[in-house]
Amino acid sequence: MMIGLHTLLMEMIQFSILLPAAAFCYLPMKNQIKYTRLHLLLLCMGIFTLYIPAASWLALYLNTEINTILLPSLVCFFFLYWKTVKTDLSRTLAVFLNACAIMSFPAVAAFIFDAYLYPASGALNFSPEAGFFQFFLSLLLVLLLAFPLHRYFSWMLDSLDFPNVWYSTLVFPLMLTLFNLIITPYSYETLHTGRIIVILPLLELILFLLLLFLYILFYHMAAVILEHARKKEEVRFLEIQAEQYETLQNHIQQTRRLRHDFRHLVIGMTGLADSGDLDGLRTYLNEYKNELDSDTPVSYCRNAALNALLNYYREMAVSEAIKTDWKIQIPEPLTISELDLCSLLGNLMENAIAGCRTVPEDERCFSLTIVLKNTSSLCIVSTNSFDGTVRKSREGYLSTKRNGEGTGLFSIKTIAEKYSGTAQVSNSGRKFFVNILLKV
C-alpha cells in the first residue's frame with residue numbers, strides 16, 4: 001500500500017495531541033523530575049519524533065483509527081514517564097490517568113466538530129480540519145490549566161504522601177476516559193439522529209466541569225489533611241516542651257532540697273573524715289553526686305523548643321540503653337523555621353531510636369552531629385545501629401511498618417528541599433546513615 005507524504009502528515013496531526021498531553025503530565029511534576037528540563041525536553045522530542053510518524057504510518061497501513069494504535073502505546077508511555085519522575089506509583093498513575101481524562105475531552109469535541117463539517121463521514125475518515133481543531137483545543141486546555149497544575153497540584157504531589165488517597169482518585173478519570181472512548185462515533189450519522197449532536201456537547205461540558213470541581217475539592221481536602229498533620233506535630237512539640245519544663249522544675253526542686261540538706265551532708269562528711277573512714281566518705285560523696293546529676297537537662301542551644309526536643313530524645317535514648325555521641329552546634333540566630341527544624345530533628349531522632357530498638361542493648365548506639373559549615377550550610381549527620389533489615393524501591397527506603405515510603409524520611413526530604421538542601425539516606429550492614437544539608 002502506497003502512502004503519500006501529504007496523507008502521512010495529515011494523519012500525524014491526530015497523534016500530535018501527545019505533545020500537550022506530555023506537557024500536562026510534567027507541569028505538576030516540577031519538583032519531581034529526575035533530569036534537567038532541557039534533557040527532558042530533548043528526550044520527549046526524540047521519542048515523539050520517532051513515534052508519531054511510525055504510528056501514523058501504521059494506522060494508515062492498517063486502515064484503522066488512531067485509538068487502535070494509541071491506546072496500547074499508552075502503557076509504554078506510562079512506564080517511560082514513570083522512569084523520568086521521582087514520585088511513587090500512586091502519584092505517577094494519578095497524574096497520568098488525569099492527563100488521559102483531560103485529553104479525551106478535546107478528542108470528543110473534535111469528532112463532534114468533524115460531524116458538523118462532514119455529516120456523512122465517520123471516525124475512520126477523520127478530517128485534517130478536525131485534527132487541527134483537536135490539537136489547538138488540547139493546547140489551549142493545557143495553557144489554561146498550566147498555572148494551577150504548576151503551583152497547586154505540584155504542591156499536593158510534593159506534600160501528600162498517602163498512597164491510598166492517591167489510588168482513590170484513579171476511578172473517576174479512568175471512567176471518564178473509557179466513557180469518552182466508548183462514545184466515539186464511528187459513523188457521524190449516529191450523531192445526527194434525534195438531538196444527540198446537541199445533547200452530547202452539553203453532556204461533555206457537564207462532565208468536564210464536574211472533573212474540574214473534583215480537582216478543586218481534592219485540593220481543599222489535601223490542604224485540610226496537611227494542616228491537620230501540621231497542627232498535630234505542633235501539639236506534639238508543645239507536649240515535649242511541657243514535659244521538659246516539668247523535668248526542669250523537678251530538677252530545680254531537687255537541687256533546692258539538696259542545697260538545704262547540704263549542712264547535714266557536711267556534718268556527715270566531717271564525722272566520716274574524723275573517724276578515718278575514707279571508703280565510707282567516698283561512697284557518701286558518690287551517692288550525693290549521682291542524686292545531684294540524675295535527670296539534669298542539658299543545654300544544647302538557646303532555642304527553648306529545640307532544647308526541649310533534644311533533651312526529650314536524649315532521655316528516651318538513655319531509658320532504652322542507647323549509647324549516644326551527640327555534638328550539637330545550632331547557630332544563633334536561627335534562620336530556619338523553628339517548626340521545620342523541630343520536625344526534621346524529631347523525625348530523625350525518632351527513626352534512629354526506633355532502629356536501635358531492633359538490636360540487643362549492648363549493640364545500641366546513636367551518633368548525631370549538627371554543625372554550621374561555611375557560614376551558610378547547616379550539616380546534620382546521623383548514624384544509628386539497627387538489625388540490617390530494609391525495604392527499598394526505586395524511590396528509596398520504604399517503611400517497615402506500612403506500605404509506601406516512611407513518613408519520617410519523606411518529611412525530612414521535603415524540609416531539606418524546602419531549604420534548597422539535600423537529604424541522603426543509606427545503610428551499610430547494621431548501620432543506618434542520614435546526611436542532611438540545609439541552606440541557612
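Would you mind getting me the FRET efficiency between Asp362 and Val390? Use the beta-carbon distance for r and R0 = 25 Å, nearest 0.05.
0.65
How big is D for the range 90-234, in µm² s⁻¹ as a whole number, if Stokes-Einstein is applied with the Kirkwood radius of its Cα pairs at 4 °C and 1.567 mPa s?
Once the numbers are plugged in, D ends up at 77 µm²/s.
Would you please report the Å³ per residue occupied by the convex hull of the alpha carbon atoms in the range 1-80?
Enclosed volume per residue, from the Cα hull, is 90 Å³.
Calculate the spin-label point distance for Leu62 paired with Gln329, positioning each point 7 Å from the Cα along the beta-carbon direction, and give it in nanometres.
6.6 nm
Round to the nearest 0.05 the FRET efficiency obtained for Asn164 and Arg302 when R0 = 41 Å and r is the Cβ-Cβ distance.
Efficiency computed from Cβ-Cβ geometry: 0.45.
Determine, from the Cβ-Cβ distance of Lys439 and Glu320 and an R0 of 35 Å, the FRET efficiency 1/(1 + (r/R0)^6), rounded to the nearest 0.05.
It comes out at approximately 0.55.
Need one number: nm distance between label points at Lys373 and Lys86, each 7 Å from Cα along Cα→Cβ, rounded to one decimal.
So the two model labels end up 1.8 nm from each other.
Output the direction-averaged projected area (hull surface divided by four) of the convex hull of the alpha-carbon atoms of the range 43-151, in nm².
Here the figure is 7.8 nm², rounded to one decimal.
Excluding same-chain residues fewer than 8 positions from Lys86, which lysines have a Cα within less than 18 Å of its Cα?
The reachable lysines, counting only those whose Cα sits under 18 Å from Lys86, are Lys30, Lys34, Lys392, Lys413, Lys418.
Give me the mean projected area, in nm² to one decimal, of the convex hull enclosing the Cα positions of the range 309-363.
4.0 nm²
Label Ile33 and Tyr152 with points 7 Å out from Cα along Cα→Cβ: what is the distance between them in nm?
2.2 nm
Each reported figure results from applying straightforward, stated rules to the coordinates on display, with no laboratory input. In this text, all values refer to a predicted model and were calculated from it rather than measured experimentally. Don't worry about glycine lacking a Cβ; one is built from the backbone with ideal geometry, like all the others, and counts go over all protein chains shown.
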